[in-house]
Amino acid sequence: MEKKVCCVTGHRPDGFPWNYSEYECNSHQEYLEAMACYIHWFIHKHSCNYFICGGALGVDTDFAEIVIWLRDNVFDDVQLEIAIPCKEQESKWSPKDKLKYAELIQKADKVTYVSDAYTPDCMQKRNEYMVDNSDVVFAFWNENKNSGGTYNTIEYAKKQKKQLELFVLNQYL
């Protein structure tokens with residue numbers, strides 16, 4: 001089967017239009033269900049079988065967990081690549097988040113470090129790497145945020161003429 005690649009961009013926990021740490025709130029649950037449905041649909045209907053995420057907290061982590069679950073339980077030909085902007089990305093994270101990150105890295109099919117060390121543009125380089133290596137870009141975006149990494153990645157995907165699937169997080173309020 002030909003490899004069709006999909007990547008994701010989206011906000012960190014503080015970029016959501018609801019309190020991201022309230023996992024049981026309706027908005028959070030609806031967002032996760034929608035993400036899972038769309039990933040499943042793209043695998044099943046569009047033969048998308050290779051996924052790339054950036055390994056950050058928030059959308060990236062949710063996306064990775066869903067892809068891993070689908071790979072392990074439904075579609076055995078699905079693969080996950082985690083594109084990390086720099087080594088020690090997680091150095092300032094909480095112990096709980098570091099543990100989850102380590103588990104995701106271990107379960108990924110491929111891990112790519114875009115830069116060896118942190119630089120002011122390593123996050124953007126990681127985002128461009130993901131877009132450049134994808135056929136489809138999923139963007140989970142808070143439409144009230146017209147700056148930052150997610151917004152820049154959406155604009156970059158448009159310039160590269162990539163298929164862009166835009167999911168406005170505000171619709172889950």
Lone qualifier among Ala102, Ala117, Ala34, Ala56 - being more than 23 Å from Asp14 (Cα to Cα) and not hydroxyl-bearing (Ser, Thr, Tyr): Ala117
Flagged pairs (Cβ under 8 angstrom, 6 or more apart or on separate chains; first in region 44-69, touching a residue at least 60 places away in the same chain (Cβ under 8 Å); second assigned to a loop (DSSP other than H, G, I, E, B) and acidic (Asp, Glu)) are Cys48/Asp135
Take region 66-94 and flag every residue that is under 27 Å from Gln124 (Cβ atoms), surrounded by fewer than 18 Cβ atoms within 10 Å (Cβ to Cβ) and either in contact with a strand residue (DSSP E or B) (Cβ under 9 Å, 6 or more places away or on another chain) or of a type in the set (A, V, I, L, M, F, W, C) (or both). Gln79, Cys86, Lys87, Trp93
Of the numbered conditions (1) within 27 Å of Cys86 (Cα to Cα); (2) modelled with pLDDT under 95; (3) open to solvent by less than 60 Å² (accessible area, probe 1.4 Å); (4) of a type in the set (Ser, Thr, Tyr), Tyr50 fails exactly one; give the number of that condition. (2)
Condition met for Met123 (under 17 Å from Met35 (Cβ atoms), assigned to a helix (DSSP H, G or I) and touching a residue at least 12 places away in the same chain (Cβ under 8 Å)): no
Verdict on Leu70 being assigned to a helix (DSSP H, G or I) and modelled with pLDDT of 95 or more: yes
Can you name the residue in region 99-111 that is within 16 Å of Lys87 (Cβ to Cβ) and among the aliphatic types (A, V, I, L, M) and is also surrounded by the fewest Cβ atoms within 10 Å (Cβ to Cβ) among such residues? Ala102
Inspect all residues belonging to region 112-122 and state whether any of them is among the aromatic types (Phe, Trp, Tyr) and open to solvent by less than 70 Å² (accessible area, probe 1.4 Å). no
Given the conditions (1) open to solvent by less than 70 Å² (accessible area, probe 1.4 Å); (2) closer than 21 Å to Ser27 by Cα, and given that Glu143 satisfies all but one, which numbered condition is not satisfied? (1)
Selection from region 4-22 of residues that are within 18 Å of the chain's Cα centre (by Cα) and either open to solvent by 30 Å² or more (accessible area, probe 1.4 Å) or farther than 17 Å from Thr61 by Cβ (or both): Lys4, Val5, Arg12, Pro13, Asp14, Pro17, Ser21
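So which residues in region 17-35 are charged (D, E, K, R) and under 20 Å from Glu165 (Cβ atoms), if there are any at all?
Those that are charged (D, E, K, R) and under 20 Å from Glu165 (Cβ atoms): Glu30, Glu33.
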Keeping to region 146-165, report how many residues are open to solvent by 70 Å² or more (accessible area, probe 1.4 Å) and in contact with a strand residue (DSSP E or B) (Cβ under 8 Å, 6 or more places away or on another chain). 2
So, Glu33, is that one surrounded by 13 or more Cβ atoms within 10 Å (Cβ to Cβ) and of a type in the set (Asp, Glu) or not? no
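The values are calculated or read from the model by the stated rules, or taken from the named source; none is laboratory data. Bear in mind the structure is a predicted one, so any value in this text is a computation, not a measurement. Note: ideal-geometry Cβ built from the backbone for every residue, glycine included; neighbour counts use all protein chains shown. Ligands, DNA and RNA are stripped out before the accessible areas are found, and what is left, the full protein with its side chains, is counted by its heavy atoms. Shrake-Rupley method; radii C 1.70, N 1.55, O 1.52, S 1.80 Å.
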